[in-house]
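Scroll down for the structure; my scribbles are underneath it.
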Amino acid sequence: MKKSILALTLIGLTTIALKSNANSVMDGPKTNLIDSAKKVVVDPVCKMKIKAETAKTTVYNKVTYSFCSESCKQKFVAEPAKYIKK
């Protein structure tokens with residue numbers, strides 16, 4: 001009987017410890033995920049504002065450029081100097 005009470009007490013304490021630790025770990029990164037999802041970039045071809053995670057991208061002179069569509073990306077690739085600010 002004493003062994004079962006001790007076992008139940010240990011299980012209860014372990015559950016409480018794990019639950020309290022899990023909540024603090026899960027609360028931290030939520031804000032970072034939400035903040036990164038809000039990042040907005042501007043298409044250099046049509047000047048449209050777009051979400052960074054949905055943008056089409058290409059690299060030119062070691063710089064990544066983002067586009068609203070594949071057609072804007074292709075216009076840029078054909079004439080990148082026309083769309084880069086100097």
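The values are calculated or read from the model by the stated rules, or taken from the named source; none is laboratory data. On a predicted model such as this, the values are computed, not experimentally measured, just so you know. To get the accessible areas, we keep the full protein, side chains included, count just its heavy atoms, and leave off ligands, DNA and RNA. Shrake-Rupley method; radii C 1.70, N 1.55, O 1.52, S 1.80 Å.
From the set of residues in the stretch 52-86 that are more than 18 Å from Val40 (Cα to Cα) and of a type in the set (Ser, Thr, Tyr), which is least open to solvent (accessible area, probe 1.4 Å)?
The extreme case among them is Tyr83.
Please verify whether the stretch 2-18 includes one or more residues that are in a loop (DSSP other than H, G, I, E, B), open to solvent by 80 Å² or more (accessible area, probe 1.4 Å) and modelled with pLDDT of 80 or more.
Looking only at the stretch 2-18, we keep the residues that are in a loop (DSSP other than H, G, I, E, B), and these are none.
Taking every residue of the stretch 2-18 in turn, none turns out to be in a loop (DSSP other than H, G, I, E, B), open to solvent by 80 Å² or more (accessible area, probe 1.4 Å) and modelled with pLDDT of 80 or more.
Would you check which residues across the stretch 41-86 are under 24 Å from the mean Cα position of the chain (by Cα) and assigned to a loop (DSSP other than H, G, I, E, B) and list them?
Those that are under 24 Å from the mean Cα position of the chain (by Cα) and assigned to a loop (DSSP other than H, G, I, E, B): Asp43, Pro44, Lys47, Met48, Ala55, Lys62, Cys68, Ser69.
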